[in-house]
Every structure is written in structure tokens, then in C-alpha cells.
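The values are calculated or read from the model by the stated rules, or taken from the named source; none is laboratory data. Please read these numbers as outputs of a predicted model, since none were measured by experiment. With ideal geometry, Cβ positions are generated from the backbone for all residues, glycine too; neighbour counts draw on all protein chains shown. Each accessible area value is taken on the protein alone, full model and side chains, heavy atoms only, with ligands, DNA and RNA left out. Shrake-Rupley method; radii C 1.70, N 1.55, O 1.52, S 1.80 Å.
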Amino acid sequence: MRKRNYLLSLLALLTLFTLLLAGCGGKKEAAQNQSTEKIVAKFSHVTAPGTPKGLAAQKFADLVKERTNGRVEIQVFPSSQLYGDKDEFEALQANNVQFIAPSAGKLISFDQRFQIGDMPFLFKDNQGAARFWDSEAGKKLLRSLESQGMIGLTAWPNGMRQFMNSKKELKTPEDFKGLKFRIPAGGVLVDIFQALGAGTANIPFSEVYTALQQKVVDGTIATFDNIENEKYAEVLNYLTVANVNNLSYIVIVNKQFWDSLPPDIRETVEQCLKEATEYERQLADQLDQESLAKLKQKIKVHELTPEERQAFVEAMQPVWAKYEPVIGKELFEEAKKLNQ
Ligand code: LMR
């Protein structure tokens, strides 16, 4: 009897030991799973894959995949395939997409100060815009989105915006009277055209070609790169090189997603974004000039003389007067200082 009890106890002990071992193994496996769990994020944007934004977004995704050994996958959705201008912010805030890169002015409904990106004749070129967004004042503005569930990580400038239309050559502010232009966002852009006696329609990027073709609007304001990639020269006849304002993209991430990344992974992703940003900034000028060269073969291009341009600068004084208090003197002064 005693021997039987002894055997039973031994069996119970063995079972317990086996269970404990299995338990430990399970825990270990779970911990391993956790630390190697794949992270998938979506990067949605509105331009073509071959644009500086498209190429830089893909570069970012490729670098992240390589540096995290495939643990983090960033899926890039170009050309408004996933979300367009109308719904990308909502999708980002809902964490349905983790990265977007809209032009700064499109942030108008979150913070009016982002309209500094659309201000006429403030930024000289891509480099001047980059200096502003990289400055303490610029970074502070980017970080200010945090309270709304988003983080502005960096800026990708992509050329100066020019005027285009189907009706006539535009050389003076007076030439704009009665024309209607597509704009990507309200505020400053509405007032730029109002100061020239022209009307505006706020149209999402993916619908611009059709709107121009169907003559919903007479023209648009866009960079050489977008004009070429979106084939606006097929439906418009005149391009005026005025370098009105700079098109800067703000790379924005969903805050909840960003905060959920393990610190080492976040650091790697941040480093990849830094490299993709350098790449975008090198590429932007080059592709812009290549696009201009192609456009010159297709449509009538007029480059404003310094005197002609000065007339536009003067016509924009009411816009400056209106937006300086909205955007704030400090940001203006910083941008001016970095764009002399
Ligand atoms: C536009 O809507 O014209 C631009 O912001 C599009 C873009 O992202 O280049």
C-alpha cells in the first residue's frame, strides 16, 4: 500500500513538473512572439509613385524593411488609392492609416498656422522651406499636432507653385480678372486669387484633371512636377513661372501607433525617415527641373521678369496683412530670416 502511495506521489510530482516545464516554455515562446511580432503600417498619399513624395515614401518603406529585418512593413499606397484629400486626415486620426504626407496648407482645419506653407513670396525655394521646417520654430509647429492625435515628423519640400490656365498668357495681376482656379485648400490660397480678382474652387487632387478638362475651373496653381505627372498640359495651354509659394509636405504619423512602437524600433524607423527625407530633398529640385524641361516642349511657358514678378509681390500685400496676425509674427520672422 505504502509502495502504491509512493508511486502515485511520484507520478503526481512528475505530472506537475511536466506541466511547469510546458508552462515555462509557453511563456518563453509568447515573449519571443511578442518581441518579433510583425508590425504593419500603411502610408497613404495622393501623388504618383514616380514623384519625389512617391519615391521618398517607397524609400522609407524599403529602408524600414531592411533595417528591421522585415519586422516592420510599411505599405505605401500612392495616387489617392487608399485615401484622398477628403478623407486621409480622418483615416489617420482613426489609425486606419499610420502615415500621410499632405501639403502643409491642407492642415488648415487643425491649425491655421500651417498656412505659412501657402504664403505668397515668403519661401524662396525648397532649401529655404526646408530651413524653416527644420528650425526650432518649424519643429515646434510640427509637434503642435500632438494634441490632435498626430505627430508632424518632418517636411518634404517639393518645388515652387506656378500658375497655369487654359485661356490666356498670364503676365500681370490684371490678367487674372474673372478667371477661376483650382486650389488644394482654403484660406491663404483663396485670398491670393481674390487679390488678383480671380475666383477659386477647392478640389481634391485626384479630381483636378477632370475638373480642368470639363472646364469647371480655368486653371490651377501647381509645381512643375505635379503639372507633368498629372498631365495638366493635355488640358491647359499656358504656364506662368512665378514661384508663388512653396509646396511642402508634412510627414504625419498617428500618435497612438507611434507611441506603441518599441523604443528601439521607433528609433530605427526615425533614422530611416531621416534618410528618406534627405533623399526626397535631393530629388525634388532635380525632378522639378526635368519636368519644366518637358513642359517647355508641350505648352507655352512664360517666366515672369523681375519687374513683372514685383507687381505680383505688391498685389499680395493684403494677403500678408491679413495672415500675419493669424500665423503669428514669430513664425513669419523666422521664415523671412531663413529665406533672405
Ligand atoms: C495639391 O493638392 O495640389 C498637392 O497638395 C498635391 C500633392 O500632394 O502634391
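For the reader, a short list of remarks on this structure follows.
- Kirkwood radius and radius of gyration were both taken over the C-alpha atoms of segment 242-308, and their ratio Rg/Rh is 1.20.
- In terms of distances greater than 30 angstrom between alpha carbons, the cross-link table entries LYS124/LYS171; LYS168/LYS336; LYS167/LYS336 yield LYS168/LYS336; LYS167/LYS336.
- Working from Cα pairs under 8 Å separated by at least six residues, relative contact order for segment 159-217 is 31 percent.
- Cut-off 13 Å between beta-carbons: net charge of the residues surrounding ALA91, Lys and Arg +1, Asp and Glu -1: -2
- Taking only protein heavy atoms and a 1.4 Å probe, the accessible area of segment 39-337 is 47% carbon and sulfur.
- Accessible area in square angstrom per residue, segment 39-337, 1.4 angstrom probe: 40
- One quarter of the surface of the convex hull around the alpha-carbon atoms of segment 98-185 equals 7.0 nm², the direction-averaged projected area.
- Applying a DSSP loop filter and a limit of 11 other Cβ atoms within 10 Å to the trypsin sites (Lys or Arg not before Pro) in segment 207-255 leaves LYS215.
- In the frame of its principal axes, the chain has Cα extents of 112, 41, 31 Å, reported largest first.
- Each principal axis of the Cα cloud of segment 79-145 was taken in turn, and the coordinate range along them, longest first, works out to 34, 23, 19 Å.
- Expected-Rg normalisation [2.2 N^0.38 Å, Cα atoms] applied to segment 194-289: 1.47
- Of ILE116, ILE227, ILE299, the one that fluctuates the most in a GNM where the chain has Cα springs shorter than 10 Å: ILE299
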